[in-house]
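Structure first, then comments.
No value in this document is a laboratory result; all are computed from the given coordinates. Quick caveat: nothing in here was measured; it's all calculated off a predicted structure. So basically every Cβ, Gly included, is an ideal-geometry build from the backbone, and we count neighbours across all protein chains shown.
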Amino acid sequence: MKKILKYEENGILTAKYYHKKSNDYLRYRTTVLIKELGKKPVEIHLKFDGIRPFAAPMPPEEYSIKASSILDLSVKLAKWFKKYGYELE
C-alpha cells in the first residue's frame, strides 16, 4: 500500500553552540513530511547550509529523524543537537 503524503514544509533551523564564549551557529535547511499512514508518519530531513563551526564539534551534514508525532519529533531533534553541544534557537 502506498503511503500518501499529507503535508510538506521547507524551512531553516538554527542552533547555537552551548558555551558562553562561543559564537558558533549551525544552519540547516529542513523538510518536514507528514504521511497519512505508518508507525512513524512524521519525519524531518536536515541538510547543512552555512559556515562550518570554528571550534565546536560538527554534527553530520545530512540527517533524517522519524517520529510518531510532531511533539516526539521536536524532542528527538533537541536531543540530537544536545548530543553535539548545541541548543535550538
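If one computes the Cα centroid of the range 1-37 and of the range 68-83, what distance in Å separates the two points? Here the two parts' Cα centres lie 10 Å apart. The long axis of helix 70-83 is offset from the longest Cα principal axis of the chain by roughly 30 degrees. The simple Förster model, with R0 at 30 Å and r as the Cβ-Cβ distance, assigns Glu43 and Lys21 a FRET efficiency of 0.25. Other residues lying with their Cβ under 14 Å from the Cβ of Phe54 contribute a combined charge of +2, Lys and Arg counting +1, Asp and Glu -1.
Net charge of the neighbourhood of Val32, taken over other residues with C-beta under 9 Å away and scored Lys/Arg +1, Asp/Glu -1, is -3.
With the convex hull drawn over the C-alpha atoms of the range 5-88, the volume per residue is 80 Å³. Of the chymotrypsin sites (Phe, Trp or Tyr not before Pro) found in the chain, those in coil by DSSP whose Cβ has at most 13 other Cβ atoms within 10 Å are Phe54. Loop-located GluC sites (Glu not before Pro) in the range 1-47 (DSSP state other than H, G, I, E, B) with a sparse environment of at most 14 neighbouring Cβ atoms within 10 Å: Glu36.
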